[in-house]
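Scroll down for the structure; my scribbles are underneath it.
The values are calculated or read from the model by the stated rules, or taken from the named source; none is laboratory data. Note that this is a predicted model, so its numbers are computed, not measured. Here the Cβ positions follow ideal geometry from the backbone for every residue, glycine too, while neighbour counts run over all protein chains shown. In case anyone asks, the SASA skips ligands and DNA or RNA and just uses the protein heavy atoms, side chains included. Shrake-Rupley method; radii C 1.70, N 1.55, O 1.52, S 1.80 Å.
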Amino acid sequence: MSRTLVQPVGQKRLTNVAVVRLRKHGQRFEIACFPNKVLSWRSCVEKDIDEVLQSHTVYSNVSKGVLAKSKDLTKAFGTDDQTQICIEILEKGELQVSGKEREAQLSSQFRDIATIVMEKTINPETRRPYTITMIERLMHEIHFAVDPNLTSKEQALKVIKKLTEHFPIKRAPLRVRFTAPNPNFAGLMEKVGEWNATVISKDESSTQPSIVCEIEPSVLHLCEERLKDVQGRVEVLSVSAHAESGPSVEQHDSVEVPQAAPVKEPDAVAQISETMQKQSISTESQGNAQGKQQRRCKECDVLVEDKLYREHCKSGWHKHNYTRHKNGLPPLSQEECIVEMELADSKKDLKDYDF
């Protein structure tokens with residue numbers, strides 16, 4: 001019996017190349033990059049161009065190995081400097097990803113959306129959040145599909161709306177502090193009753209008495225308007241108030257899910273501080289490191305060991321100072337950066353409560 005002959009294939013498949021394409025003046029220009037490095041370059045985590053480009057060469061077709069003509073480069077970019085053109089294509093071009101890479105990106109974004117949904121919702125019976133596994137299962141049941149053109153937070157808010165229509169799940173309440181002058185405190189208490197707020201504690205001893213309570217996110221802006229009548233103000237203490245005792249996992253539709261230990265609500269600033277301490281390099285340790293090669297980070301105005309410089313560039317501290325540097329603002333210390341990031345996140349989260 002004759003065997004089937006295996007003929008050689010003339011097409012060479014690119015398995016370890018990420019192609020960035022840019023169309024300009026009717027011409028197509030492409031560059032060959034390392035996988036997973038283009039996004040790092042655009043987010044300013046990676047700054048070494050040699051770590052991103054496979055070669056400082058501009059192609060008209062990477063897969064066929066066709067180089068771009070010098071006259072076309074000069075006409076489109078005004079220069080024939082290959083490195084400068086590669087940087088422009090990196091920043092403005094369209095990243096061509098393979099099917100597996102696209103699947104991995106969608107899977108990662110799906111997980112991010114589920115995490116946001118878990119943080120912003122609770123079980124109305126136990127006032128405890130569902131697990132990430134349960135949230136993902138519910139998202140599959142409503143046939144949710146990730147849209148790569150929208151942010152994870154925008155899609156998470158849409159998912160929450162749809163989940164509340166079909167399952168016992170609702171937005172976590174806001175924990176706020178209402179403050180009003182002594183003569184107007186009685187009027188403040190009446191308004192709190194109208195908003196169906198859950199009172200946590202009251203402090204009537206000071207000249208500015210206050211009350212801590214939990215309200216629905218949708219009435220926050222109404223509260224701010226009504227408090228003007230009694231010369232009061234509102235302060236958001238937590239954008240997602242969960243019960244502080246009892247089981248943290250609740251079963252749904254008779255599905256057995258292992259219960260986790262009770263979780264207490266941590267202080268947001270302390271949480272960010274701990275994370276950034278792990279990601280960044282403290283100035284004290286940099287000052288004590290003698291006899292080691294160091295590099296100065298101009299965005300943060302600190303010295304960093306050579307081998308730790310890349311990890312420093314990935315930290316939230318460096319990214320925040322990089323944004324300030326682009327806007328012409330001076331760098332912040334690690335502690336100042338923590339506070340500013342927390343305040344910015346709180347203001348951004350409050351905009352999402354209008355539904």
| field | Added length on full extension, which subtracts the Cα-Cα distance from 0.36 nm per residue, Glu165 to Asp147 | value | 4.4 nm
| query | What is the distance, in nm, between label points placed 7 Å from the Cα along the Cα-to-Cβ direction at Thr198 and at His221? | reply | 2.5
| field | Calculated from backbone phi, Karplus (6.51, -1.76, 1.60) coupling profile of region 156-172 in Hz, x at Gly/Pro | value | 4, 5, 5, 5, 4, 4, 6, 5, 5, 7, 10, 10, x, 8, 8, 5, 5
| request: Using amide H atoms built 1.01 Å from N in the peptide plane, name the residues 5+ places from Val58, or on other chains, whose amide H lies under 5 Å from its own. | output: Ala68
| field | Chain lengthening between Gln293 and Leu67 when straightened (0.36 nm per residue, less Cα-Cα) | value | 77.3 nm
| task | Per residue of region 121-126, in order, report the coupling 6.51 cos²θ - 1.76 cosθ + 1.60 (Karplus, θ = phi - 60°) as ³J(HN,Hα) in whole Hz, putting x for Gly and Pro. | result | 10, 9, 7, x, 7, 9
| note | Taking placed amide H atoms and a strict 5 Å upper bound, the residues 5 or more places from Ala172 or on another chain that come that close are Thr121, Ile122
| Dipole magnitude of region 43-139 about its Cα centre (Cβ charges: Lys, Arg +1; Asp, Glu -1), debye to nearest 20 | 420
| said: Output wanted: per-residue J couplings in Hz (rounded whole) for region 127-138, from phi through Karplus 6.51 cos²θ - 1.76 cosθ + 1.60, θ = phi - 60°, x for Gly and Pro. | reply: 6, 10, x, 6, 6, 5, 5, 5, 4, 5, 5, 5
| note | Non-local residues with an amide H under 5 Å from the amide H of Glu305, with H modelled 1.01 Å from N and Pro and chain starts lacking one, are Arg295
| task | Using a Förster distance of 51 angstrom, determine the FRET efficiency expected from the C-beta separation of Val339 and Arg23, and round it to 0.05. | result | 0.70
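What accessible area per residue, rounded to a whole number of Å², is obtained for region 18-96 using a probe radius of 1.4 Å?
Numbers: 4220 Å² over 79 residues.
It amounts to 53 Å² per residue over region 18-96.
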| field | Pairwise label distance in nanometres, Asp81 with Thr133, each label 7 Å out on the Cα-Cβ vector | value | 5.6
| query | With each label point set 7 Å from Cα along the Cα-Cβ vector, what nm distance links Asp50 and Glu235? | reply | 5.4
| Counting Lys +1, Arg +1, Asp -1, Glu -1, what net charge surrounds Ser70 among other residues with beta carbon under 14 Å of its beta carbon? | 0
